[in-house]
Amino acid sequence: MAEAQAVASDAQDANQAAPFIDPRPAFAVVEELRVKFGDSLFLQATHDDMPTLWVERSQLLEVLMFLRTLPKPYVMLYDLSAIDERLRTHRAGLPPSDFTVFYHLLSLERNSDIRIKVALKESDVNLPTATKIWPNANWYEREVWDMFGITFTGHPHLRRILLPNYWEGHPLRKEYSARATEFDPYRLNAEKHKLEEESGNFNPDDWGMKRGNKNEDFMFLNLGPNHPSAHGAFRIVLQLDGEEILDCVPEIGYHHRGAEKMAERQSWHSFIPYTDRIDYLGGVMNNLPYVMSVEKLAGIKVPDRVNTIRIMMSEFFRVTSHLLFLGTYIQDLGGMTPIFFMFTDRQKAYDVIEAITGFRMHPAWFRIGGVAHDLPRGWDKLVRDFVEWMPKRLDEYVKAAIQNSMIMGRAKGVAQYDARQALAWGVTGAGLRATGVDFDLRKARPYCGYENFDFEVPLAYNGDAYDRCLVRIEEMRQSIRIIKQCLDNMPEGPYKADHPLAVPPPKDRTLQDIETLITHFLSVSWGPVMPEGEASMMVEATKGINSYYLTSDRNTMSYRTRIRTPSYAHLQQMPSVINGSMVPDLITYLASIDFVMADVDR
């Protein structure tokens, strides 16, 4: 704690005295901001070494626009959310704040990020909207209003997004209960049932949509929330002129379970299974950014064997997720048979996953500081059989289905967008790389030892529904290539770190030393107490970039857990891409996004 306070104190002194020029490349932008705005900006020390600057509300838009228009700009608003600071006790000299709104910006040319924070008083929770700088600020600001009650003046349509319109309160405020047992029993009487039904009615006037022109009325078509092409509980209302889509309104939240709120009442370890259910097709890939964020807070360095195991299992789940995508993609475009073959191959991958972790879809197998247990006897033969089987199957799928004239006719040139649009809407993963942008975190910012592996980043250049499919097929080939390297070069050593915040003390010591026994008891019953501070971790997940941003108040639980998911950004982009197209093109577009609604709604 003393060390963290000293770091924060040094940062504060640096703002009051002569500015210190940080030699780290990511911090070069701090000096650029100080040249422009003076020393009024407060630099916060964090465990993730990301430049984190507090700015005055009056300067916010000017600072954001400055960053957006630099010679090497921060082109993407990667994330935007808030923190209720009112119960946080270990703030280590940070600016006084009841609510803090943060903007996470990403620059491709710099290959670095910056976090901008604004402090707000409880009596005045208002900020100007950033939608004129980054269009994808729209949904993020709506979510902050929904969850925290913070108003963004000038927002084009500030209304609830994850919760129904009749909801009362803002759940991520600290006064809002975190457990169902703290609420009265839920009752649904006739009056409430009618209210909930009526709240689902779509009124075009609420969205500024015309009901027709002087010659004809427009049709409003409700697609979902229970439609096979919606890939989950997702609703999109279409404004149609014949079969042409004039406008559309995506509606999410049907799958919202309050994952970020749950993190406030689970210990650091016990929240791991909840991460599996975000992108529920991603398996341990969801555990990875969370446990690595906690490891940054705790200062844990994991053994090489752990890193290699994590990479191998993450790439297995990339393959299983992409196989499901490919099967449903072809099915949505009119081909029925291939999905059965792809599910068969997917089961072969799950057989390997189950043999290693003990579970199939949701193993929750990664741990803070390592993995749940070591690789079992015979794991290498199972993995080798799979990596020798799968490449030939991918060749068959491309020849039989992807090069089929019907598939190409339905997907080529459909739902097309370029790199500039993708970056403006926060698109990551295959959707971004299909526009020719060579950005994959495993190469650009290697983690877990990815820098030691030989693999390529698949690219395409048309940015259409067909290219998004081709990129994912090639990603599966590269994942198999990575898995084979893990198989051939698996390091020896422990499967977990020897760290008091990661694992309990050895059993034999607990039988001889009372202090060790107490430490063991507290670690197992309450969970470890993480140092105060903030840390985040981004990974190249199955659907795009996924990240966890954790705030610790020196407790056994997270004070604030922010989960940034790729599918949320991808669905927000829909109207800008599909308006002006035909209804069948929408189905192709939905298939090519590869989204999971739990990944959207959390």
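Scoring T129 on the criteria (1) modelled with pLDDT of 95 or more; (2) crowded, with 18+ Cβ neighbours inside 10 Å leaves a single failure, condition (2). Inspection of segment 516-525 identifies no residue that is without any contact (Cβ under 8 Å) to a residue 40 or more places away in the chain, in a loop (DSSP other than H, G, I, E, B) and of a type in the set (A, V, I, L, M).
Within the set A569, A591, the sole residue that is crowded, with 23+ Cβ neighbours inside 10 Å, within 15 Å of the chain's Cα centre (by Cα) and in the same structural domain as H269 (by TED's automatic domain parsing) turns out to be A569. The numbered conditions (1) more than 19 Å from the chain's Cα centre (by Cα); (2) modelled with pLDDT of 95 or more are all true for P500 except (2).
Anything in segment 358-371 that is in contact with a Pro (Cβ under 8 Å, 6 or more places away or on another chain) and either crowded, with 22+ Cβ neighbours inside 10 Å or of a type in the set (A, V, I, L, M) (or both)? List them, or say none. Within segment 358-371, A364, I368, G370 meet the criteria. R468 meets each of the listed conditions (1) surrounded by fewer than 22 Cβ atoms within 10 Å (Cβ to Cβ); (2) out of contact with any strand residue (DSSP E or B) (no Cβ under 8 Å at 6 or more places or on another chain); (3) not in a loop (DSSP other than H, G, I, E, B) apart from (1). Being surrounded by 10 or more Cβ atoms within 10 Å (Cβ to Cβ) and not acidic (D, E) is a property that holds for G224.
Residues of segment 49-72 that are modelled with pLDDT under 90 and touching a Ser or Thr at 6+ places or on another chain (Cβ under 9 Å): none at all. For segment 134-182, the set of residues classified as assigned to a loop (DSSP other than H, G, I, E, B) and among the small types (G, A, S) consists of G149, G154, G169, S177, A178, listed by residue number.
Among the residues here, C486 does not qualify as over 23 Å from L288 (Cα atoms) and crowded, with 17+ Cβ neighbours inside 10 Å.
Quick one: which helices (runs of 4 or more DSSP H) sit completely within segment 233-333 and have at least 1 residues that are β-branched (V, I, T) and surrounded by 23 or more Cβ atoms within 10 Å (Cβ to Cβ)? Hits in segment 233-333: 272-276, 284-298, 304-332.
Restricting the first member to segment 558-577 and to residues that are under 16 Å from M76 (Cβ atoms), and the second to residues that are assigned to a strand (DSSP E or B) and among the small types (G, A, S), the beta-carbon pairs closer than 7 Å and six or more apart or on different chains are R564/S547.
Based on this model, can you work out whether V75 counts as closer than 20 Å to L94 by Cβ, modelled with pLDDT of 90 or more and touching a strand residue (DSSP E or B) at 6+ places or on another chain (Cβ under 9 Å)?
no
The values are calculated or read from the model by the stated rules, or taken from the named source; none is laboratory data. All values derive from a computational prediction rather than experimental measurement. Here Cβ is always computed from backbone atoms with ideal geometry, including for glycine, and neighbour counts include all displayed protein chains.
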